[in-house]
Amino acid sequence: MAEPEELAKPEQFAAPAVEVSPTPVLAASVASVPFEPVPVVPQPAFDMPESTPAASSATLSFEPIGLRLSLVYATLQYRLTITAGDDLCAANLFGDMIGAHASIPPEQQLAPALAALKQLKAVPPIAAGETVVLKGELQLPLSHIRPLQQGSASFFVPLVRLCLGDENGDVAMRRVFTVGIDGGAAALSPLRLDTGPQEHRQLASREVEAARGYPLQPDQRRAAG
């Protein structure tokens, strides 16, 4: 497991959370992508597994701030808001970003082992009704993306996988989000991969609720099978 990043201490305050204006992100040398209609591209569909773990009392709200596509990497900056329904013990935030694709088994996309994720942040204890805001970034090599094809165009559906867990491998909570352009349809529009370096700022996220249906611990998955 990768060593945790040395990052600033997260903000903690009583709910409701104070709105924080996003800071300017990403290189100014890369032009922002002008708005244009995005064609409908078939995307992976995830069904809810038969067994569903008990619901967590905490809520996670994921906000993409900006995503830069360079010649080598996709870099996503984000803001994550954690609100405790009951008292939450100190934990660590683990996560990564991949490209969603129908050819990859759903469980592999939605229920990764904790050891496969990067340790992103330390999460302090959160009292019931309080909120913690964490900011950071996720990076994915473009060579690791399996693109969606429509004609000669290549598209990318960012899939963000987040877990609250401890160093022993126990997972308390898992949430998965897609990131894309909100065009008013049920699914977010994917991002073009084949038009050179780009910067996306007007992004939205949607939770993939099917991810909640997978057992949190590996031994629970074996028992269910």
### Message
What's the number of the only condition in (1) within 15 Å of residue 179 (Cα to Cα); (2) surrounded by fewer than 20 Cβ atoms within 10 Å (Cβ to Cβ) that residue 108 fails to meet?
### Response
(1)
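Just one of 112, 190 is in contact with a strand residue (DSSP E or B) (Cβ under 9 Å, 6 or more places away or on another chain) and without any contact (Cβ under 8 Å) to a residue 60 or more places away in the chain; which is it?
Numbers: 190 fails: without any contact (Cβ under 8 Å) to a residue 60 or more places away in the chain.
Within the list 112, 190, the selection yields 112.
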### Message
Could you go through segment 186-201 and let me know if any residue there is surrounded by 14 or more Cβ atoms within 10 Å (Cβ to Cβ), aliphatic (A, V, I, L, M) and within 16 Å of residue 75 (Cα to Cα).
### Response
yes
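In segment 80-104, what residues are assigned to a loop (DSSP other than H, G, I, E, B) and buried (at least 19 other Cβ atoms within 10 Å of the Cβ)? Before you say what the answer is, go through the steps one by one.
Here is the first cut: in segment 80-104, the residues assigned to a loop (DSSP other than H, G, I, E, B) are 84-87, 89-90, 100-104.
Within segment 80-104, 84, 100 qualify.
Under 27 Å from residue 167 (Cβ atoms), in a loop (DSSP other than H, G, I, E, B) and modelled with pLDDT of 95 or more: does that describe residue 128? Before the answer, list the steps.
Numbers: under 27 Å from residue 167 (Cβ atoms): yes; in a loop (DSSP other than H, G, I, E, B): yes; modelled with pLDDT of 95 or more: yes.
Criteria met by residue 128.
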### Message
For segment 149-160, check the following and say yes or no: at least one residue is under 18 Å from residue 58 (Cβ atoms) and buried (at least 20 other Cβ atoms within 10 Å of the Cβ).
### Response
yes
### Total residues in segment 63-103, condition over 26 Å from residue 125 (Cα atoms), hydrophobic (A, V, I, L, M, F, W, C) and more than 17 Å from the chain's Cα centre (by Cα)
3
### Message
Please verify whether residue 169 is crowded, with 18+ Cβ neighbours inside 10 Å, among the small types (Gly, Ala, Ser), closer than 17 Å to residue 117 by Cβ and touching a helix residue (DSSP H, G or I) at 6+ places or on another chain (Cβ under 8 Å), treating the condition exactly as stated.
### Response
no
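The values are calculated or read from the model by the stated rules, or taken from the named source; none is laboratory data. These figures come from a predicted structure and were not determined experimentally. Please note: Cβ atoms are built from the backbone with ideal geometry, for glycine as well, and neighbour counts cover all protein chains shown.
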